[in-house]
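One structure below.
The values are calculated or read from the model by the stated rules, or taken from the named source; none is laboratory data. Predicted model only: the values in this text are computed from it and were never measured. Neighbour counts are summed over all protein chains in view; Cβ atoms, including those assigned to glycine, are modelled from backbone coordinates with ideal geometry. Protein only, heavy atoms only, side chains kept; ligands, DNA and RNA dropped before computing areas. Shrake-Rupley method; radii C 1.70, N 1.55, O 1.52, S 1.80 Å.
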Amino acid sequence: MTYPAEAEVFRTEVRQILAEELPASWRGIGAIAAEAETEDFVARWREVLHRRALLGVTWPVEYGGRGLSQLHQVVLVEELTRAGLPFGRQPLEATGLKMLGNTLLRWGTADQKARYLPGLLSGEIRFCQGFSEPSAGSDLASVRTRAIRRGGEWVINGQKIWTSAAMHSTHIFTLVRTDPDAPKHRGLTFLLVPLAQPAVEVRPIRHMAGGREFCEVFFTDARTGADEVVGQVNGGWAVSKTLLTLERGEEAATNPILFRAEFERLAELARRTGAIKDPVIRQRLGQAFARVEVMRYIGYRILTDVLDGSEMSSAASVSKLYWSEYHRQVTQLALDIEGLAGLIPVGKGPSRASRADDPGSDPASSNAWWQVSLNARAGTIYAGTSEVQRNIIAEQVLGLPR
């Protein structure tokens, strides 16, 4: 793909910043020996990104952004990936910057934008996502958490689950039922709620990979201001659809960059173990490479639509379905390549569970591939299950009956 001149000027700027901020011996985040040191570096590096104006580059200048295009965001991710660097703290950046920040730019009031967007960029304000409930996962319109208006506040009661990074967050954006008598999509409201109050309890959940990034969140007469409604009261479903589209598709052009880097490390693993000599393994590697390339062109198509001012709509479901199913298969391939040796977790784990082997780390780290392979199963569930995505594609793209 050929980039316009202004994007290449930005690329030069990013490379200059990286040269100034990184030591000459830098080999990638995976080369940091201890996981605790990796976490410290990620936190410091996020401060660098903010100080050098590389967070929220597509946001308006008045809220701390730079008013650039999505193509500039792609260039930024390309250069960070090339240098073996993370894009801030995950999943907080995904929920705060990617999802809520961009949703507020479309639906938020002037006051909400001024109060939250600069804090999201600085990291002073950290949002988690409160959508799923024990009885409302993919069927999001079935949420039961209630909010009742009392004077100048909303009073909230209920429970959310699978709330990533809630223990590290200052706020939660949540979908609540404000009109129990309305049809289920029409009685929902999108609220912004502070977590630092006695009426909110956060309980981490230990998952099968050993981590605790998921949480349960309990509201018992929790409060938030009447002005914390995003969009209209009982109009939260429209706001949520915008946010879910961002969750499923905003990274369509940048995800393939990261998947390609991961694939290169997988290919190196196959070479080191000698599995590359197996014709079946070579065929599966070839299929994986082809799918990464297809993913890249899907991303370019979505990016083109966004640059032209079009909505991602159902294209976001195509992208999400494609990458999540791919990642489950390619991480299984990694385990097959490692064979019996992969049954013993050794080496450094990944800096984030959604991608295997950070740049600079040992591609043969069974601990990394094992953890990411487990998380890849979750990738076909969160942000809308594969079945839900297929239904969206069938109904909205192919015109099939419900």
Given the criterion closer than 23 Å to L307 by Cβ and either among the hydrophobic types (A, V, I, L, M, F, W, C) or touching a residue at least 12 places away in the same chain (Cβ under 8 Å) (or both), identify the matching residue among V48, V14, V42. V14
Those residues that are open to solvent by 20 Å² or more (accessible area, probe 1.4 Å) and within 18 Å of V292 (Cβ to Cβ), I need them from the stretch 271-281; list them, please. R271, I276
From the residues in the stretch 67-113 that are among the acidic types (D, E) and under 18 Å from L192 (Cα atoms), which one is least open to solvent (accessible area, probe 1.4 Å)? E93
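Is it fair to say L303 is farther than 27 Å from G28 by Cα, open to solvent by 70 Å² or more (accessible area, probe 1.4 Å) and in contact (Cβ under 8 Å) with a residue 24 or more places away in the chain?
Values: farther than 27 Å from G28 by Cα: yes; open to solvent by 70 Å² or more (accessible area, probe 1.4 Å): no; in contact (Cβ under 8 Å) with a residue 24 or more places away in the chain: yes.
No.
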Every residue from the stretch 202-244 that is open to solvent by 60 Å² or more (accessible area, probe 1.4 Å) and assigned to a loop (DSSP other than H, G, I, E, B): R206, M208, R212, Q232, V233
Condition check: out of contact with any strand residue (DSSP E or B) (no Cβ under 6 Å at 6 or more places or on another chain), without any contact (Cβ under 8 Å) to a residue 40 or more places away in the chain and within 25 Å of R89 (Cβ to Cβ). Does R115 satisfy that? yes
Tally the residues that are within 17 Å of R66 (Cβ to Cβ) and open to solvent by 50 Å² or more (accessible area, probe 1.4 Å), restricting the search to the stretch 6-24. 7
If G56 satisfies all but one of (1) assigned to a helix (DSSP H, G or I); (2) at positive phi, what's the number of the condition it fails? (1)
Quick one: count up the residues across the stretch 180-201 that are open to solvent by 30 Å² or more (accessible area, probe 1.4 Å) and more than 16 Å from I148 (Cβ to Cβ). 9
Number of positions in the stretch 366-402 that are touching a helix residue (DSSP H, G or I) at 6+ places or on another chain (Cβ under 6 Å) and aliphatic (A, V, I, L, M): 6
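Across the stretch 342-354, which residue is least open to solvent (accessible area, probe 1.4 Å) among those that are over 15 Å from T38 (Cα atoms) and modelled with pLDDT of 65 or more? Explain how you work it out, then say what you get.
If we filter the stretch 342-354 for residues that are over 15 Å from T38 (Cα atoms), which is where we start, we get 342-346, 354.
Now narrow it down to the ones that are modelled with pLDDT of 65 or more: 342-346.
Numbers: G342: 8, L343: 132, I344: 111, P345: 68, V346: 76 Å².
Filtering the stretch 342-354 for residues that are over 15 Å from T38 (Cα atoms) and modelled with pLDDT of 65 or more, the one least open to solvent (accessible area, probe 1.4 Å) comes out as G342.
Among the residues of the stretch 124-170, how many are assigned to a loop (DSSP other than H, G, I, E, B) and of a type in the set (D, E, K, R)?
Of the residues in the stretch 124-170, the ones assigned to a loop (DSSP other than H, G, I, E, B) are 124-126, 131-132, 134-135, 137-139, 143-145, 151-152, 161-165, 169-170.
Going one step further and asking which of them are of a type in the set (D, E, K, R), we end up with 124, 126, 139, 144.
Residues that pass the stated criteria total 4.
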Would you say E268 is free of Cβ contacts under 8 Å to residues at least 40 places away in the same chain, surrounded by fewer than 17 Cβ atoms within 10 Å (Cβ to Cβ), part of a helix (DSSP H, G or I) and not aromatic (F, W, Y)? no
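Can you confirm whether the stretch 171-178 contains a residue that is more than 22 Å from K113 (Cα to Cα), open to solvent by 60 Å² or more (accessible area, probe 1.4 Å) and either polar (S, T, N, Q) or not in a loop (DSSP other than H, G, I, E, B) (or both)?
First, the residues of the stretch 171-178 that are more than 22 Å from K113 (Cα to Cα): 177-178.
Those still in the list that are open to solvent by 60 Å² or more (accessible area, probe 1.4 Å) too: none.
So far as the stretch 171-178 goes, no, none of its residues is more than 22 Å from K113 (Cα to Cα), open to solvent by 60 Å² or more (accessible area, probe 1.4 Å) and either polar (S, T, N, Q) or not in a loop (DSSP other than H, G, I, E, B) (or both).
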